[in-house]
Amino acid sequence: MYNLTMPQAYAMLEAPDKSVLVKVGPEALLADVQAGRHTWVVDEPVEVGGQDCGPTPYDLLLSALGACTAITLRLYATQKKWPLEGIEVRLRHQRVHEQDCEKCEQPSHMLEEVQKELRLLGPLTEEQRQRLEAISQKCPVQKTLMSSLRITTTLAPADTDFM
């Protein structure tokens, strides 16, 4: 186990030196993912054409947010020497109506929403629990998702090898 300060841990979480490679073949929706020495599969449910062999892309998005939240809380509580014995984060993603209106089914009237529920285990005071809830909203992944994220796409030549 690492003994890192909050700034060191955030620097590791935000390290831009790693890339992720995703490959999907000519059939099915199954994606092979490689991140450094780690590999896994991502798939879609059978009802939308997948094989349900792995988590969906949104499962992974929620997993990243939940893991970052829990790690951030662990680092903070450890630094403060608070009796936080465990952290559980439950997340849900849904599309919700921006407001009650007649045209709510139109894309411009829908919002993406993530619901994040925390379960903080241990003999914490109510003040500590409230502070941890506030800190949970400051994890690097949540900050990224809430920011004006820019995604740039380039098309590599067909003969490029990503290996």
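Below are the figures for this structure:
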read-out: Cα-based Rg of segment 20-94 normalised by 2.2 N^0.38 Å, two decimals; value: 1.44
read-out: Sites His93 and Val48 - FRET efficiency at Förster radius 22 Å, r taken between beta-carbons, to 0.05; value: 0.90
read-out: Full-stretch length increase - Ala28, Arg129 - with 0.36 nm per residue and alpha-carbon distance subtracted; value: 31.9 nm
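Just so you know, all these numbers are worked out from the coordinates, no wet-lab data involved. Values in this document were obtained by computation on a predicted structure and should not be read as measured data. Every residue, glycine among them, receives a Cβ derived from its backbone with ideal geometry; neighbour counts consider all protein chains shown.
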